[in-house]
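Peer 1: Below is the structure I would like to discuss, written out as structure tokens.
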Amino acid sequence: MSAYRDPQGNAAPAAPESAPLHQDARGLWWVRIGQHNHRVSVHRGSDGRWAVTLDGVADQWEVHGLREQMMERMGLEDAAAAGAKELRAPMPGKVIEVLVAKGQTVAEGEPMLVLEAMKMENVLRAAGEGQVGAIHVSAGQAVEKDAVLIALAD
């Protein structure tokens, strides 16, 4: 699974087995793919996206970190991309511990709940920042996949 995505969420194309990169005397970068040289430039923007130009055709790509890749594997990439206001169970399991309280302000990536599933403890984190509006579960409770566990206030 590619860690690079374009703004529409499409995966980066597969890299060729061999693509040597070299810089010429003028400072231009070239990549050799198959029997052809292609002019290439890559610049990282302040927003974390990469602007890639190959033979004058520009595109933008961004890195999807481990968190985003795990969310994709669990089928939750749409919720993550939308900055979900609800923390949902990625799989059936049992709530081990609720790590936040109603009214608490959370930041993106902050641990909110521990869910035991398939004999593993999974720390579920906030997809965005906000204030905890409602907690729908308690420790020891069994939950089904996609059940709303915690909701952030609007």
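Peer 1: If you check every pair at least six apart or on different chains, which have Cβ atoms under 8 Å apart with a residue in segment 118-138 that is under 11 Å from Val106 (Cα atoms) first and a residue that is surrounded by 14 or more Cβ atoms within 10 Å (Cβ to Cβ) and β-branched (Val, Ile, Thr) second?
Peer 2: Short answer, once both residue conditions are applied: Ala126/Val106; Glu129/Val106; Gly130/Val106; Gln131/Val106; Val132/Val100; Val132/Val106; Val132/Ile150.
Peer 1: If you don't mind, another one. Regarding segment 111-123, can at least one residue be identified that is at pLDDT below 95, among the basic types (Lys, Arg) and surrounded by 14 or more Cβ atoms within 10 Å (Cβ to Cβ)?
Peer 2: Within segment 111-123 (the criterion being at pLDDT below 95, among the basic types (Lys, Arg) and surrounded by 14 or more Cβ atoms within 10 Å (Cβ to Cβ)), the answer is no, since none of the residues qualifies.
Peer 1: From Ala51, Ala11, Ala25, grab the single residue that is of a type outside the set (Asp, Glu), modelled with pLDDT under 80 and not assigned by TED's automatic domain parsing to the domain that holds Asn122.
Peer 2: Matching residue, one of Ala51, Ala11, Ala25: Ala11.
Peer 1: A further question follows. Would you mind finding the one in Trp30, Trp61 that is modelled with pLDDT of 80 or more and touching a strand residue (DSSP E or B) at 6+ places or on another chain (Cβ under 8 Å)?
Peer 2: Only one candidate passes the filter, namely Trp30.
Peer 1: Sticking with this structure for a sec: Take the residues in segment 86-110 that are surrounded by 17 or more Cβ atoms within 10 Å (Cβ to Cβ) and not β-branched (Val, Ile, Thr); name whichever of them is farthest from Leu152 (Cα to Cα).
Peer 2: Gly93
The values are calculated or read from the model by the stated rules, or taken from the named source; none is laboratory data. All values reported here derive from a predicted model rather than from experimental measurement. Reconstructed Cβ throughout: ideal geometry from the backbone, glycine too, with neighbour counts over all protein chains shown.
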